[in-house]
Structures are given as structure tokens and as C-alpha cells.
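The values are calculated or read from the model by the stated rules, or taken from the named source; none is laboratory data. These numbers were taken from a predicted model, which means no experiment stands behind them. Virtual Cβ from ideal backbone geometry, glycine too; neighbours counted across all protein chains shown. These accessible areas exclude ligands, DNA and RNA; they are computed on the full protein's heavy atoms, side chains included. Shrake-Rupley method; radii C 1.70, N 1.55, O 1.52, S 1.80 Å.
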Amino acid sequence: MHKSVLLQECIDNLNLKENSIIVDCTLGYGGHSSEILKRISKGYLFAFDQDSEAILSSQDRLSKIGNNYEIIKSNFVNIKKELNSRNITGVDGILYDLGVSSPQLDEDYRGFSFHQDARLDMRMDQSNPLDAYKVVNTYSYEDLVNIFYKYGEEKYASSIARGIINSRPITTTLELVEVIKNNVPEKYKREKHPARKVFQAIRIEVNDELNVFEKSLKDSLDLLNVGGRICVITFHSLEDKICKKIFKEVSSIGSEFNNLPVIPIEYQPNFKIIKTIEPSKEELEVNQRARSAKLRVIERVK
């Protein structure tokens, strides 16, 4: 069963009230959403997901708790458009859990996992024309090096890319794993699974994850009511960097006010960073997926 990471910490930091309007940008299998719904009996939950299977499963789970929710089958990049079309211009809390859900990894036919054989796919949204097969088999050597390096922080990006070009066509996940293994040093294979970073990079490319997240997070800040909070759980440094940078920008005072003893209220930032939380030792013992997770929390103060 998929275990939600940093579940209690999110619930505690969203400042839920019984009439809160909350958005879960990453519904998945409903772990966070079901706990939120239990606490907002007079409020409303909007939950985004583009994965039909996750939606079916969550629908079943949430309907047993209440009916004050709507699941929106759309990418969270459309948060503003979708909420505005429902006459919602302000909300009290927004949650992002940017991990790939375990069931997506476990369903071998989705092609996310480097442990199971499947056609190269990795699309979160099955109607997306770009899949992992296209990336692996049609991208130039330069483009492959670039995405492995940029999105996977893979130090052997160039030898892996060269290996892929020389082994085309590559159809399945395990064929790709073999090519990667054959193009990295023995010592590297012993440290961690050698395909981990390349698979991450391809998944980010296929789903345009970083650009989508950046745009969505900026829109979410605009939607937040005073006193409202955004909680973001990231699982790798690239997403975390984007989150940290945006949070810092909106909560900082302009440098021109650095030496003033009192800053006029209209120039004070609209947001305040609340905290950054990492998983407890107890959670890491029971949930391996939590090991690279980080939760950042921000609040609109004016």
C-alpha cells in the first residue's frame, strides 16, 4: 500500500479549519486528501490528478468520508484556470506532494520503474504524445547529455548517451537499464542503482515536471487567502531548488529597504516562510520512500 510521506506534518502545517477551502494538487491515491477531508466538514476540497486509475481509487476512498470535494482530472499547471472556471479566486491551503506514487512505480506496464520490464513510457498523463520511448530513440546525443546532466545530475551523462545512440532501437525499461550498466564504471554500479538518475531525468523530460511545477507554484501563491498556507513536499534537489527560490523571492524585503529601521507596511512582503521539515527517524524506518523528502511551508500574511 502506498504510504503518504510526511502526512501528519502536512496536516499540522496546513492550519486546517472546518470551513477551509483546500487544494490538493497531487491527489494520487488519496492519502493526504482523505486526512484533509476528515477535518474540513464545512469546507471544500479540490483535488487534481491526471491519472485515471489514481482518480478511481481515490474517488472510492474519499466518498466514504464526505461529499464536499471535487476531483479535477487535469495537470496542476492548470490550477488557476480550473479554479477560476468554478468561481474560486481564493483558497486557504494548497498541498503539493511531488513524489511519483508507488502504484505508478509498481505497475510495470507504466514504464516508470528500472526494476521491472515494460515498454518505455513514463507518462503521468496517458494522452501526452511524448513518451520515454521517443526520448530514448529520437533525441540527439547532445539533447540526451543535456537532460541526463540537468535533470538527473548524472556524472556519466555523456558515456550513457553515447551508449544509447549506439544501441538503438531500445524498446523496454530493462533494455535501457542494460545499456546504462554497460556504460558506467563497475564501482558506480556498486554504489546505487546506476539507472536511477537517468530514469528520473527521462521522467522529468517526458512530463515537463520542473516548468510545470514552477508555473503552478506561482499561480498557487496568487490564489492563497491571507492566513492561508502552501505545503510542498519535494523528493529531489531540482524541485526543492525551485520551491526554495520562489518562497525566498516572495517573502523577502527589497534590498533598497535593508538599512531602514522601520519598513512601511506596504513594502513588507506578503508571505512569510514558516519552516522546512525533514522526515523523522521513525518515518524513515517504516517508509523508505521518505528518505529524500523535504517539506517547505509558507503563509500569506497580508
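Okay, here's what the table says:
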| quantity | calculated |
| --- | --- |
| Those lysines that a straight Cα-Cα span of less than 25 Å connects to LYS192, excepting residues fewer than 8 apart in one chain | LYS3, LYS150, LYS155, LYS181, LYS241, LYS281, LYS294 |
| The chain: most fluctuating residue of SER158, SER33, SER85 per GNM, C-alpha cutoff 10 Å | SER85 |
| Heavy atoms of ILE71 accessible to a 1.4 Å probe, total area in Å² rounded to 10 | 30 Å² |
| Value of [θ]222 nm, deg cm²/dmol, for the chain, DSSP H segments ≥ 4, -39500 (n - 2.57) each, nearest 500 | -12500 deg cm²/dmol |
| Length released on extending from LYS3 to GLU175, taking residue separation times 0.36 nm less the Cα-Cα span | 58.9 nm |
| For the chain, the Rg and Dmax computed from alpha carbons only, in angstrom | 20.7, 65 |
| For region 174-201 versus region 8-35, the gap between their alpha-carbon centres in whole angstrom | 37 Å |
| Shape category assigned to region 226-269 from the gyration tensor of Cα positions, a/c cut at 1.5 | oblate |
| Where region 229-302 is the region considered: accessible area per residue in Å², 1.4 Å probe | 59 Å² |
| Accessible-area order (highest first, 1.4 angstrom probe) of the listed residues VAL250, VAL177 | VAL250, VAL177 |
| Folded to 0 to 90 degrees: helix 237-251 orientation relative to the chain principal axis, Cα | 20 degrees |
| In nm, spacing of pseudo-spin labels at PHE257 and VAL226 (7 Å Cα→C-beta vector) | 1.5 nm |
| Long-range HN-HN contacts of GLY99 with modeled amide H, under 5 Å | none |
| Distance in nm between pseudo-label sites at ASN19 and SER237 (7 Å out along the Cβ direction from Cα) | 4.7 nm |
| Accessible area, probe 1.4 Å, largest first, for residues ARG190, ARG168 | ARG190, ARG168 |
| Cut-off under 5 Å, modelled amide H: who pairs with ILE72 long-range | ALA47, PHE48, ASP49 |
| For region 149-302, the Rg and Dmax computed from alpha carbons only, in angstrom | 20.8, 65 |
| Dimensionless Rg ratio for region 35-185, taking C-alpha atoms and the 2.2 N^0.38 Å reference | 1.33 |
| Among VAL145, VAL286, VAL23, residue whose mean-square fluctuation peaks in a GNM of the chain (springs only between Cα atoms under 10 Å) | VAL286 |
| Listed residues GLU205, GLU175, GLU282, most fluctuating in the chain (Gaussian network, C-alpha, under 10 Å) | GLU282 |
| List ASP131, ASP92, ordered by accessible area with a 1.4 Å probe, largest first | ASP92, ASP131 |
| With all protein chains modelled, accessible area of LEU174 [1.4 Å, Å²] | 60 Å² |
| With all protein chains modelled, accessible area of ILE265 [1.4 Å, Å²] | 110 Å² |
